[in-house]
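Step one of this worksheet: look at the structure below.
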2 protein chains.
Amino acid sequence: MQYLMRCARARLTAALVLTALLGLFATHVARAADEDGYDLWLRYRPLPTAPRAALAAAATGIAAPSDTPTVRAATAELRRGLAGLLGRTSDKIALAAQPRAGTVVLARAASLPAGLADADALRAALAKAGTEGYVVRRARVDGAPVTLIAANTDIGLLYGSFAWLRQLQLGAAPDRIALLDEPALPLRVLDHWDNLDRTVERGYAGESIWNWWELPNIVDPRYTDYARANASLGINGAVLNNVNAKAEMLSPAFIAKTAAIADVLRPYGIRVYLSVRWSTPLELKETKTADPLDPAVAAWWARKADEIYRTIPDFGGFLVKANSEGQPGPQDYGRNHADGANMLARALAPHHGVVMWRAFVYSPPTHPAQASDRAAQAYDQFQPLDGKFDDNVLVQVKNGAIDFQPREPAHPLFGAMPHTPLMMEFQVTKEYLGFATHLVYLGPLFQETLRFDTRAGGQPMTVARVLAGAQQGRVGGIAGVANIGSSRNWTGSTFDQANWYAFGRLAWSPDLDSRAVAREWAGLTFAPDARVVDPVVDMMMRSREAAVDYMTPLGLHHMMGTGHHYGPAPWVDDLGRADWNPVYYHRAGKDGIGFDRTATGSNAVAQYAPEVARRFADPATTPPELLLWFHHLPWDFRMPSGRTLWDELVAHYDHGVDEVDAMQAEWQRLRPYVDARRYVDVAQRLAQQRREAQWWRDACIAYFQQRSGLPLPAGVRAPDHALDHYRSLSFPFAPGHG
Amino acid sequence: MQYLMRCARARLTAALVLTALLGLFATHVARAADEDGYDLWLRYRPLPTAPRAALAAAATGIAAPSDTPTVRAATAELRRGLAGLLGRTSDKIALAAQPRAGTVVLARAASLPAGLADADALRAALAKAGTEGYVVRRARVDGAPVTLIAANTDIGLLYGSFAWLRQLQLGAAPDRIALLDEPALPLRVLDHWDNLDRTVERGYAGESIWNWWELPNIVDPRYTDYARANASLGINGAVLNNVNAKAEMLSPAFIAKTAAIADVLRPYGIRVYLSVRWSTPLELKETKTADPLDPAVAAWWARKADEIYRTIPDFGGFLVKANSEGQPGPQDYGRNHADGANMLARALAPHHGVVMWRAFVYSPPTHPAQASDRAAQAYDQFQPLDGKFDDNVLVQVKNGAIDFQPREPAHPLFGAMPHTPLMMEFQVTKEYLGFATHLVYLGPLFQETLRFDTRAGGQPMTVARVLAGAQQGRVGGIAGVANIGSSRNWTGSTFDQANWYAFGRLAWSPDLDSRAVAREWAGLTFAPDARVVDPVVDMMMRSREAAVDYMTPLGLHHMMGTGHHYGPAPWVDDLGRADWNPVYYHRAGKDGIGFDRTATGSNAVAQYAPEVARRFADPATTPPELLLWFHHLPWDFRMPSGRTLWDELVAHYDHGVDEVDAMQAEWQRLRPYVDARRYVDVAQRLAQQRREAQWWRDACIAYFQQRSGLPLPAGVRAPDHALDHYRSLSFPFAPGHG
């Protein structure tokens, strides 16, 4: 057995790098104090002198009702935030019974302060803020200047408080802050693929934050900080357990544990949901079948829902992975997905809960024409069910039709189910993108999908608008598979915090620009200083394309190592199902490379709206970055650049590696501005990413060269090793198996 | 399937308790700042005003060589510690080129400061300090008063620095501190049962601190804090991986990862060791057998040792679990444990490494007389091999002959192998003692074993003296199975930190009194204030006997739940091997209860020295707390208390529960003196321990009542549930399976 790292040399190199890095710091003892990342983007570090004085004058105290846990949470956050920004302890932030000059006033629309000037204008603004939005503005109460955080609901007050603190952290002058915002989607949910034994499927940040064993009687204070971080972004739901669910999740003991978590999250506007295993009642030996049309089964689920709601009155509902990758489901009984989803939905409906039913299925195909293309199978099963689902069912669709690849075209189901509310499922954890080691900012990936124009109905219709119900008014939501674990910094690396942040911000406002989101995050996480923000954002914005280039350029996909999905394994051809093998997806041979999804192949392009289908059907109109997703082309196919496909492929691999070089160089220039601890951690990860980008590039070029039989383009560096070396590497203890 | 916690009621109770606790704190905002426990006993919080001034005068700067990493580590710790105690930042602790008034001087024996008064007296003291000891005293250099930390070696300087800081933290006046100390044993080792996938067998504090996946190139700063904590106690070895080892541990990739850890630990005097799987070369397909007498096998191990030492020149050696609980070993090839250990020892000997060969074996017995008693089997296999082991082999013996029970008599092998150096193996993690939930201070358990008088040779001969080589000069060592994980507070609970601390302190000085160690720990962990220390120590000192009483009083043992070993399961009788079943150990029936290990039974008592064997052979001279370990007695056996055995058993169970009540009450009185975060966490755990003590008591009484057929003694409360309830509980996701 061999491994990637070649031992002594690699280790000594790493030790030297580390020594060198630490040595450099020894001469910079006056730099920022070390940070361990636990505070995320809610760091509230003291402002510089001048803005600190301005804030002290503009925030002399807080006036707020204290009658609900949510408003108390908002007040506590304001005290914490102001204390931090002002360099005080939070007990030095006064609570005011009445607004005075400089008071920060939390005001519900139904009880605006007496003496408020321009109250009608505020009411007009609040009319646009909906049930979760907020208005933040300077105002006068009995002539005294105050900061008003107003909303129609308590959760709006909490969201407004976080929004105001965000602006302050980013350096906005207190008297210039005026905000009016509300979320575009009602369901903004993190999906935890966390198991009951505390392992996390596809988790790279330690074990689950949920300590199921110690719950419900021992409650980790970390749950509160989790809730704060999510509420600061507007995330309002959490599915606590893995979609590959266990029947025991619905046992009385685990319902009690779930309720204890719900109690902590509730003041922060976060509902808990559970993933459920289809066959739960059967496995608990409480029914004789799991057939959704069996009345005893439906009755069991109704009773179970009643039981859950008795202790969790605001329970959100169920997430279901059924008839997918070995999970049981209604098809085991000759029923379809709608039969299954609706049965559960009827159990939840009396309690206003929802079912999020996943469309991630790829067996067994029923249309022979699409039997050969896994990418076509979810559409094939779900599109015909459009309109057959109960009102409280959402169909949850991954952003692309395969599986969270570095790049996929948007899933063809978006726009194709106008009568069904859809949930977007993004993956925030980087299963296929270098775990917590590689710096890959996912904002551009999320944005690319959300802005994809489905042309549904022959009109402009972005995926974001589909989710928001622009087709038939069926409003959906957005889910992200969490990258959160018990690591001190929550996500395993500093920059992976940005993916949690970007997911939350885009879930709230899918039209936000991912670069603007990166700017916010960089300012909050390091410092609102252009010398920091500009290079950090530049690194972030080039990072995703870099990973695409060194992993799977030009529309290639699913070439990662078996099981763990970490490194390159384009050669794998011996797995049980054809569509688990990388060779199934890239189809590289002497004749060319790529998956023909046009009419001459699987015709999966036909699942898109006609305008989109036509564009993807022709290599000339297919975006180059998706070329090999849709087309099988000869190695000498001429690319828009003028290069042959082979030369272009190699150039992309090289460019990916070069981009990591550039990111490393940018980070080194940031050394004076970042605390040593986070600096060294990121530097170590970038160095490893650089090695592994080279590994990806070398292994893929070596393999595709063997398939193509072509020489390397002139001037291109040969892979460091022969192909056999890369094929021999194995990683038996990779994290994330769950 | 049913579970322990009865859902809604238990949860609501917990929520109310928590709310009440937090509510109380709301009125105490001026209390100590929250602590998360990461700093362990190295908190270095600012001293009160008067002693702070005294220390400022007595520690004006540090004069130390800077030519070795170990002395640099000592200097860094002194700066960190003094800065904390003085309320400064560490860059405000001056480094002095020459001793001046108030300088803290780190001085090697070979280069004492010029101008030192009474240098000869110091040299005489240093002559008693050995290779790891130290002398700390006030001294004068050229007339200037200084604090001298002197040692024969660099590690002595580090240990002396930690010892001095400990005294300062405990409130000692700087001018009164005079220390001379050296360790009694040369090997003081933590055994990590950490797997390569980062799970931890019998770990209850999160996943492994070793991030094998990210090593060697990404090095967690936590490794340094781990090293500091261990060095502060004098622990000088760490076995990094589980004794149930994987072959891949010795692959080049994992040797490189190990080397990266060794690089971090080395300055702190900690050598790394690895657990090795006997069949490693065979499984790596590099030999055709694992027969220890096959020259190719021996050559493989010699080459592997060479490979390890090339990158880890101070590698400590191997820990081996062979022919034990399914692990392969030399007996698979008809060889014995000495054959196996010596083959490995010869591979390590050229590099001065050692083999720690575990005696935890219990199959297959060769003496028919002892075939029926697992407690006798390790002695049976190992005692005849005394004198057959190479010089660099240590036989590692668990403290008792079964498996880390709440109470066991000392293992009969101690004293019975005078020609073989023995390692004590304690378990610091509480596999059988309530995980990280129950507060059980293990100091008294360690002390009880270390002070057990083996009467080997008919003379006083404590286990501690056996380890120190008092029999034939064969000096052994001491190992503890670590309770350390990635939990923020390292050990899963505040009070479990005390078990790491006590293990380390007793490993250094096995004669230390466990109450004195508890006083140190309490002072360091909370505050050196009698109002805190006295009740904390009282809780700690009664805690172990409380657990014995509510779990397995009067010498009962091994009645814990199958696999996870958490709750009570005395009824289990259906496991594959007879000696895996609780009924095998307690043998309760109509006729009585207990395991007859006298001549009428397994005669395991004969494995002790004659004086001890005689004492244990007679119920009248057997200590009551070990009675049922050695004797099967009728239920109406008259105890020294005058009660019948049955009444006494029930009384012990009740007393155990009462003791937890008392611990809870003591902790509540400590509320004003402990920060809210740690207070609440401990309070939650004690409340859970109270519930579970009741569970243990009720389940065991219900079961033994069924076996005995006797009525409950007068006035005794009946169990809350019928026996069937307790038997029905299951815990499929308990932690620690590894």
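Among the residues of the range A:412-427, is any within 14 Å of chain B (Cβ to nearest Cβ), modelled with pLDDT of 95 or more and closer than 24 Å to A:Gly563 by Cα?
no
In the range A:464-507, what count of residues is obtained for those that are under 15 Å from A:Arg451 (Cα atoms), within 16 Å of the chain's Cα centre (by Cα) and part of a loop (DSSP other than H, G, I, E, B)?
So the answer is 0.
Those residues that are out of contact with any Pro (no Cβ under 9 Å at 6 or more places or on another chain), of a type outside the set (A, V, I, L, M) and assigned to a helix (DSSP H, G or I), I need them from the range B:292-308; list them, please.
Hits for the range B:292-308 are B:Pro295, B:Arg303.
If I ask for residues that are away from chain B (no Cβ under 14 Å) and either buried (at least 22 other Cβ atoms within 10 Å of the Cβ) or under 15 Å from A:Tyr550 (Cα atoms) (or both), which ones from the range A:663-698 would you list?
A:Met663, A:Val674, A:Trp696, A:Arg697, A:Asp698
Kindly establish whether B:Asp225 is assigned to a helix (DSSP H, G or I) and of a type in the set (D, E, K, R).
yes
List the pairs whose first member sits in the range A:458-471 and is surrounded by fewer than 22 Cβ atoms within 10 Å (Cβ to Cβ), whose second member is of a type in the set (S, T, N, Q) and in a loop (DSSP other than H, G, I, E, B), and whose Cβ atoms are under 6 Å apart, counting only residues at least 6 apart or on separate chains?
Close Cβ pairs satisfying both conditions: A:Met461/A:Thr454.
Does B:Pro221 satisfy the criteria of being within 14 Å of another protein chain (Cβ to nearest Cβ) and surrounded by fewer than 24 Cβ atoms within 10 Å (Cβ to Cβ)?
Considered against the rule, which asks whether it is within 14 Å of another protein chain (Cβ to nearest Cβ) and surrounded by fewer than 24 Cβ atoms within 10 Å (Cβ to Cβ), B:Pro221 comes out as yes.
Based on this model, can you work out whether A:Leu265 counts as within 24 Å of A:Arg505 (Cα to Cα) and either assigned to a strand (DSSP E or B) or within 9 Å of chain B (Cβ to nearest Cβ) (or both)?
no
So if I check each of A:Ser232, A:Ser208, which one is closer than 17 Å to A:Trp500 by Cα, within 11 Å of another protein chain (Cβ to nearest Cβ) and of a type in the set (S, T, N, Q)?
Being closer than 17 Å to A:Trp500 by Cα, within 11 Å of another protein chain (Cβ to nearest Cβ) and of a type in the set (S, T, N, Q) holds for just one of A:Ser232, A:Ser208, which is A:Ser208.
Within the group B:Ala547, B:Ala588, B:Ala518, B:Ala507, which residue is touching a residue at least 60 places away in the same chain (Cβ under 8 Å), within 17 Å of B:Tyr703 (Cα to Cα) and buried (at least 23 other Cβ atoms within 10 Å of the Cβ)?
On inspection, the qualifying residue turns out to be B:Ala588.
Tell me whether the range A:31-54 contains one or more residues that are within 12 Å of another protein chain (Cβ to nearest Cβ) and at pLDDT below 85.
yes
Do we have any residue at all in the range A:529-536 that's crowded, with 24+ Cβ neighbours inside 10 Å and in contact with a helix residue (DSSP H, G or I) (Cβ under 9 Å, 6 or more places away or on another chain)?
Yes; the residues of the range A:529-536 include at least one that is crowded, with 24+ Cβ neighbours inside 10 Å and in contact with a helix residue (DSSP H, G or I) (Cβ under 9 Å, 6 or more places away or on another chain).
Any chance you could count how many residues in the range A:568-621 are among the hydrophobic types (A, V, I, L, M, F, W, C) and under 18 Å from A:Ala378 (Cα atoms)?
The qualifying residues number 8.
Could you please find all residues in the range A:309-343 being away from chain B (no Cβ under 14 Å) and part of a helix (DSSP H, G or I)?
A:Pro330, A:Gln331, A:Asp332, A:Tyr333, A:His337, A:Ala338, A:Asp339, A:Gly340, A:Ala341, A:Asn342, A:Met343
For the range B:699-709, check the following and say yes or no: at least one residue is within 20 Å of B:Val537 (Cβ to Cβ) and either out of contact with any helix residue (DSSP H, G or I) (no Cβ under 9 Å at 6 or more places or on another chain) or within 12 Å of chain A (Cβ to nearest Cβ) (or both).
no
Run down A:Arg690, A:Arg727 and say which single residue is touching a Phe, Trp or Tyr at 6+ places or on another chain (Cβ under 8 Å) and touching a residue at least 24 places away in the same chain (Cβ under 8 Å).
After ruling out the rest, the residue left standing is A:Arg727.
Given A:Glu248, A:Glu201, which one is at the interface with chain B (Cβ under 8 Å from one of its Cβ atoms) and under 28 Å from B:Gly485 (Cα atoms)?
Matching residue, one of A:Glu248, A:Glu201: A:Glu248.
For A:Thr289, state whether it is modelled with pLDDT of 95 or more, β-branched (Val, Ile, Thr), surrounded by fewer than 23 Cβ atoms within 10 Å (Cβ to Cβ) and not in a helix (DSSP H, G or I).
yes
Hey, any hits in the range B:642-662 for a residue that's free of Cβ contacts under 8 Å to residues at least 12 places away in the same chain and either polar (S, T, N, Q) or crowded, with 20+ Cβ neighbours inside 10 Å (or both)?
Yes, there is a match, as at least one residue in the range B:642-662 is free of Cβ contacts under 8 Å to residues at least 12 places away in the same chain and either polar (S, T, N, Q) or crowded, with 20+ Cβ neighbours inside 10 Å (or both).
Where in the range B:345-461 are there strands (runs of 3 or more DSSP E), lying fully within it, with 2 or more residues that are of a type in the set (Val, Ile, Thr) and farther than 25 Å from B:Asp314 by Cα?
Counting at least 2 such residues, we get no strands (runs of 3 or more DSSP E) at all.
Can you tell me which residues in the range A:537-581 are assigned to a helix (DSSP H, G or I) and of a type in the set (D, E, K, R)?
Across the range A:537-581, the qualifying residues are A:Asp538, A:Arg542, A:Arg544, A:Glu545, A:Asp549, A:Asp579.
So, in the range A:584-621, how many residues would count as being β-branched (Val, Ile, Thr) and within 27 Å of the chain's Cα centre (by Cα)?
Within the range A:584-621, residues that are β-branched (Val, Ile, Thr) and within 27 Å of the chain's Cα centre (by Cα) number 2.
The values are calculated or read from the model by the stated rules, or taken from the named source; none is laboratory data. Every value quoted in this text rests on a predicted model; they were computed, and no experiment measured them. Positions of Cβ are backbone-derived with ideal geometry, glycine not excepted, and every protein chain shown enters the neighbour counts.
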